[in-house]
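What follows is one structure encoded as structure tokens, with my remarks underneath.
Read-outs: derived from the displayed coordinates by stated rules, not from any lab. Computed from a predicted model, the values in this text were never measured in an experiment. Cβ: placed from backbone, ideal geometry, glycine included. Neighbour counts: every protein chain shown.
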Amino acid sequence: HLFLQYLRNEARIAGKGDRLINMVHRDDVVGAIIAALKNGRPGEVYNVVDDEPVAQIHFFRWLSETLGKNMPPFATEEDTARRKRALTQKKVSNRRLKMELGYPFKYPTFRQGYTAEIRRLDDAGQLNIELEPR
């Protein structure tokens, strides 16, 4: 969602950009579900997130440097007021998923997952980046 907003120049950095984002690649979501169905204990909760929660500003900085595109602007008070969901600040751990189920992440960090997605879109001719003047 954030990636598509960024590509459409609709992304905004909330607050000072220090809000943590917990991400996971869709392939790892599917893999974790299969691992839980095969080996999980009934009633247990297994958090499915990658190994590296990242501050929003660091995520967008990485995207900007990777794609050669400007950073998104900071959100205004009006932008923040229009949000449907409250901003959260949670660092979620996947430790139980990895320790109990032995799930090996295909994309352990957001960088690996987004690099794969960027390559996939680029190979398919679907990565349309409108560069802004710097």
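Averaged over residues, the count of other Cβ atoms within 10 Å places the peptides 87-99, 2-14 in the sequence 2-14, 87-99, highest first.
Using C-alpha pairs below 8 Å separated by at least 6 residues, the relative contact order for the chain is 38 percent. Taking a straight Cα-Cα cut-off under 25 Å and skipping sequence neighbours fewer than 8 places away in the same chain, the lysines within cross-link reach of Lys106 are Lys38, Lys90, Lys91, Lys98.
Computing FRET efficiency as 1/(1 + (r/R0)^6) for Arg111 and Arg41, where r is the C-beta to C-beta distance and R0 is 30 Å, gives about 0.40. What is the percent of Cα-Cα separations in region 1-47 that go past 14 Å? Taking all Cα-Cα pairs of region 1-47, the fraction more than 14 Å apart is 66 percent.
Once the Cα atoms are used to define both axes, helix 26-39 deviates from the longest principal axis of the chain by about 10 degrees. Summing Lys, Arg as +1 and Asp, Glu as -1, what charge do residues with Cβ under 14 Å from the Cβ of Asn47 carry, Asn47 excluded? Residues near Asn47 contribute -1 overall. For Phe74 and Val29, a Förster radius of 22 Å and the Cβ-Cβ distance give a FRET efficiency of 0.15, rounded to the nearest 0.05. Computed over the chain, the per-residue total of -39500 (n - 2.57) for DSSP H runs of n ≥ 4 gives a 222 nm mean residue ellipticity of -13000 deg cm²/dmol, rounded to 500. Projected over all directions and averaged, the alpha-carbon convex hull of the chain occupies 9.5 nm².
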